[in-house]
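Worksheet: the structure to be examined is printed underneath.
None of the figures in this text is laboratory data; all of them are computed from the coordinates on show. Because the structure is predicted, anything quoted here is derived from the model rather than measured. When we count neighbours, we look across all protein chains shown, and the Cβ atoms used for this are built from the backbone with ideal geometry, even at glycine.
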Amino acid sequence: SNFAKAKEYFEKAIKLDGKFVEAYQALGVCCSKLGELDNAIAAFKKAIELNGEYPAPYFGLGVAYHRKGALNDARDAIEEGLKRNPNDFNAMTNLGAIYEQGGYPEMAVTILREVVKIDRNNARAFYNLGVALEKTGRIKEAIGAYEKAAGLNYSNKEEALRRASLLRKD
């Protein structure tokens, strides 16, 4: 795969320059895409060690932890990243999903409402908002969020429409 090729390239770059933060960041992304989550985590941590102010590795770390099911670690990493770049809507959307899955749907609703207020075409955020609203019993709002996600061509549009339809009981 392209990611495997890229991974080799970034490993070579790191051999040449062990302080190359972006190479560790890119290596982490490649490992993450290849499903090598522990290697991804190690690479992102190395990037953070080299430059603690660079937000991207915190977000990458958060995604890798999330995929491993380590929700608290994922949340902590993304929150650290957001301290350095508060306007990363992709990271905020991930954080919302983590709170929802971790059993804090209210927190998820708060975060995701912030995202969609500003990033109005963020289909994934609307979908995640729908899930969180549904969990907090706000059925009408949940239907609206699912339909909005579908209207924005969410990658899983059918699922969004199915959920809206189930809630409408039609």
- Task: Compare the peptides 152-164, 122-134 by average per-residue count of other Cβ atoms within 10 angstrom and give them in order, highest first.
- Result: 122-134, 152-164
- Message: Checking the table Lys68/Lys135; Lys19/Lys45; Lys15/Lys46; Lys5/Lys46; Lys19/Lys46; Lys7/Lys45 against a 18 Å threshold on Cα-Cα, which pairs fail?
- Response: Lys68/Lys135; Lys5/Lys46
- Task: Mind checking which aspartates and glutamates have their Cα closer than 14 Å to the Cα of Lys117? Skip sequence neighbours fewer than 8 apart in that chain.
- Result: Asp88
- Item | Structure-based [θ]222 nm, the chain - -39500 (n - 2.57) summed over DSSP H runs of at least 4, per residue, nearest 500 | -25000 deg cm²/dmol
- Query: Per the Kirkwood formula on distinct C-alpha pairs, the Rh of the stretch 7-87 is how many angstrom?
  - Reply: 12.3 Å
- Query: Taking the alpha carbon gyration tensor of the stretch 1-51, what are the square roots of 5 times its eigenvalues, largest first, to the nearest whole Å?
  - Reply: 16, 13, 7
- Message: Can you compute the equivalent ellipsoid semi-axes for the chain, i.e. the square root of 5 times each eigenvalue of the Cα gyration tensor, sorted largest first and rounded to whole Å?
- Response: 34, 16, 13
- With the contact rule set at Cα under 8 Å and sequence spacing of 6 or more, what percent relative contact order holds for the stretch 1-127? 14 percent
- Volume per residue, Å³, of the convex hull around the alpha-carbon atoms of the stretch 116-170? 62 Å³
- Task: Can you pull the one-decimal nm distance between simple spin-label points at Asp17 and Glu158, each 7 Å off the Cα toward Cβ?
- Result: 4.7 nm
- Item | Choice from Ile78, Ile111, Ile139 showing the highest fluctuation, given a GNM over the chain with Cα pairs closer than 10 Å | Ile139
- Using a 10 angstrom cutoff on alpha carbons, build the Gaussian network for the chain and name the most mobile of Pro105, Pro55, Pro86. Pro86
